[in-house]
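Novice: This is the structure I want to talk about, given as structure tokens.
What follows is calculated from the coordinates using simple rules that are stated; it is not laboratory data. As the structure is a computational prediction, the values presented were derived from the model and not from experiment. Here the Cβ positions follow ideal geometry from the backbone for every residue, glycine too, while neighbour counts run over all protein chains shown.
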Amino acid sequence: MFKTDLFKGKRFLVTGGGSGLGKVMMDKFVELGADCVICGRRGGVLEETAKATMAKYPSRRVDTFTVDIRVATAVEEMIEQIFATGPLDGLVNNAAGNFISQTKDLSPRAFDAIANIVFHGTFYTTNACGKRWIASGRKASVLSILTTWVWTGSPFVVPSAMSKAGIAVMTQSLAVEWARHGIRLNAIAPGPFPTEGAWARLNPLGGTGENDRYRSRNPMGRVGRNSELANMAAFLMSDEVEYINGEVMAIDGGMGIMGNGTFSDMLKHTEQDWQRIRETISATNAADKAKRT
Ligand code: HXC
């Protein structure tokens with residue numbers, strides 16, 4: 001799908017790049033020729049991931065930084081150190097926190113635990129990179145990983161939905177403010193891509209058959225494949241599509257718009273149901289016609 005040297009000479013930072021979707025995207029960027037920096041809270045996990053990717057692509061570098069992006073000073077220090085070893089050409093805001101809960105049960109600390117990562121941390125990282133790119137006149141690309149809830153909201157994940165909606169607006173706002181500096185910002189709104197971290201918190205009781213909402217309520221009847229998300233991220237980070245700026249694009253098999261269709265539940269109908277529907281409507285039409293004649 002891509003040229004193998006698509007990202008030759010590029011260096012990207014992927015937050016939360018030690019595991020889950022961050023790791024998958026980082027690995028794809030490296031496969032396509034980039035050097036990467038990954039950051040996260042667990043140093044051991046980062047080290048292991050970096051080592052595994054560099055073993056696959058020995059000519060590439062993956063550096064690691066242990067950081068909690070909720071701490072603004074720590075983010076600033078990390079970005080300073082990264083740029084001291086060489087500039088970045090892109091940032092992927094992937095680090096997130098979330099858990100499913102009734103909103104009435106959330107303490108202020110619970111709200112902050114999510115909002116401080118997603119809303120505050122993403123801004124700290126983006127601005128720390130942005131001001132350096134602007135000062136040095138360097139072109140760059142920012143990609144944030146959101147969800148389709150940024151358009152619809154979602155019950156039971158309110159701190160995440162609110163925070164990610166804020167980052168969608170940040171994406172649009174800075175896409176305009178920073179375009180003249182050659183910095184573009186886009187976002188991906190993924191549907192269900194099962195990863196260990198997210199699934200333990202969003203699907204804690206599991207679920208099969210009708211209760212597997214990620215399959216039964218998806219028009220494609222399946223969850224996303226990690227490679228599909230990685231390909232989309234590579235596409236959006238590529239200079240070949242530089243004119244895409246300020247977009248939030250879904251990759252969810254159509255799940256986000258399915259609930260909005262008045263008749264979406266009729267996907268469950270059998271051919272017999274449809275035959276019955278047709279006969280009933282035909283009978284109504286025939287009766288109406290008879291009344292008119
Ligand atoms: C209610 C809860 C809770 C729960 C925690 N809290 N879990 N309240 N229900 N299930 C409350 C705690 O009681 C505490 O408040 C406060 O939240 C902070 O809890 P800590 O455990 O101290 O938080 P912390 O160690 O900072 O952990 C952060 C975290 C954790 C976000 C809560 O889950 C985490 O580190 N997650 C990172 C990985 C992750 O979540 N990945 C999923 C991303 S999925 P009190 O008041 O009691 O002190 C995503 C979108 C996916 O972003 C889209 C799929 C379609």
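Novice: Mind checking which lysines have their C-alpha under 30 Å from Lys8, skipping anything on the same chain fewer than 8 residues away?
Specialist: Reachable lysines: Lys23, Lys28, Lys51, Lys56, Lys131, Lys139.
Novice: So, one more: Apply the Karplus parameterisation 6.51 cos²θ - 1.76 cosθ + 1.60, with θ equal to phi minus 60°, to every residue of the range 41-48 and state each ³J(HN,Hα) to the nearest whole Hz, in sequence, with x for glycine and proline.
Specialist: In residue order, the calculated couplings are 7, 10, x, x, 5, 4, 4, 4 Hz.
Novice: Tell me the angle of helix 20-31 to the major Cα principal axis of the chain, expressed in degrees between 0 and 90 and rounded to the nearest ten.
Specialist: In the chain, helix 20-31 runs at an angle near 60 degrees to the longest axis.
Novice: Can you pull a Stokes-Einstein diffusion coefficient for the range 1-124 at 10 °C (1.306 mPa s), Rh from Kirkwood over Cα pairs, as a whole number of µm²/s? It would help to have the intermediate numbers written out before the result.
Specialist: Values: Rh = 15.2 Å.
The calculation lands on 105 µm²/s.
Novice: Search the structure for amide H atoms under 5 Å from the amide H of Ala250, placed 1.01 Å from N in the peptide plane, and list their residues when 5 or more places away or on another chain.
Specialist: So Ala250 has HN proximity to Ala189.
Novice: Can you sort Met220, Met258, Met25 by how many other beta carbons sit within 10 Å, fewest first? Write out the running numbers ahead of the final one.
Specialist: On the way: Met220 13, Met258 17, Met25 29.
Listed from fewest to most nearby Cβ atoms, that is Met220, Met258, Met25.
Novice: Using helices alone, what [θ] at 222 nm do you get for the chain, with -39,500 (n - 2.57) per DSSP H run of 4 or more residues, divided over all residues and rounded to the nearest 500? Please report the intermediate quantities before stating the final value.
Specialist: On the way: 12 runs with 135 residues, N = 293.
Taken over the chain, the calculation gives -14000 deg cm²/dmol.
Novice: If one takes the longest principal axis of the Cα atoms in the chain, at what angle in degrees, from 0 to 90 and to the nearest 10, does the Cα axis of helix 122-136 lie?
Specialist: Tilt relative to the chain: about 50 degrees.
Novice: Additional query: Can you give the translational diffusion coefficient of the range 183-293 in µm²/s, computed by Stokes-Einstein from the Kirkwood radius over Cα pairs at 4 °C and 1.567 mPa s? Mind showing how you got there, number by number?
Specialist: Values: Rh = 17.7 Å.
The Stokes-Einstein estimate is 73 µm²/s.
Novice: Next question, about the same structure. Please report the relative contact order for the chain, taking Cα pairs under 8 Å with a sequence separation of at least 6, and give it as a percent rounded to a whole number.
Specialist: Numbers: 476 pairs, mean separation 46.9, N = 293.
Answer for the chain is 16 percent.
Novice: Next up: For helix 271-292, what angle does its Cα long axis make with the longest principal axis of the chain, in degrees from 0 to 90 and rounded to 10?
Specialist: 50
Novice: For Asp63, which sequence-distant residues (separation of 5 or more, or a different chain) have an amide H within less than 5 Å of its own amide H, given hydrogens modelled in the peptide plane?
Specialist: When sequence neighbours closer than 5 places are left aside, the close amide H contacts are Cys36, Val37, Ile38.
Novice: Right, next: Considering the chain as a Gaussian network with a 10 Å cut-off on Cα pairs, which listed residue, Thr262, Thr66, Thr148, attains the greatest mean-square fluctuation?
Specialist: Residue with maximal mean-square fluctuation among Thr262, Thr66, Thr148: Thr262.
Novice: Whole-Å semi-axes of the chain's equivalent ellipsoid, largest first, each the root of 5 times a Cα gyration tensor eigenvalue? Kindly include the intermediate steps, with their values, before the conclusion.
Specialist: Values: eigenvalues 337, 90, 75 Å².
Those come to 41, 21, 19 Å.
Novice: Please report the spacing between the Cα centers of the range 16-90 and the range 157-223 in Å, no decimals.
Specialist: 21
Novice: Could you tell me which residue out of Pro58, Ile100, Ile79 lies farthest along the dipole of the range 25-116 toward its positive end? Charges go on the beta carbon: Lys and Arg +1, Asp and Glu -1, centred on the Cα centre.
Specialist: Positive-most Cα among the choices belongs to Ile100.
Novice: Neighbour counts of other C-beta atoms within 10 Å: give me Tyr243, Tyr214, Tyr57 arranged from fewest to most. Intermediate results must be reported in sequence, preceding the final value.
Specialist: Numbers: Tyr243 6, Tyr214 21, Tyr57 16.
Neighbour counts put them in this order, fewest first: Tyr243, Tyr57, Tyr214.
Novice: Still on this model: Taking the Cβ of each residue in Val150, Val24, Val45 as the centre, tally the other Cβ atoms inside 10 Å and list the residues starting with the fewest.
Specialist: Val45, Val24, Val150
Novice: With an 8 Å Cα cut-off and a minimum separation of 6 or more residues, compute the relative contact order for the range 1-112 in percent.
Specialist: Details: 173 pairs, mean separation 32.4, N = 112.
About 29 percent, as a whole number.
Novice: Using a Förster distance of 41 Å, how high is the FRET efficiency between Arg138 and Phe111, based on the Cβ-Cβ distance and rounded to 0.05?
Specialist: Values: r = 36 Å, r/R0 = 0.88.
Rounded to the nearest 0.05, the efficiency is 0.70.
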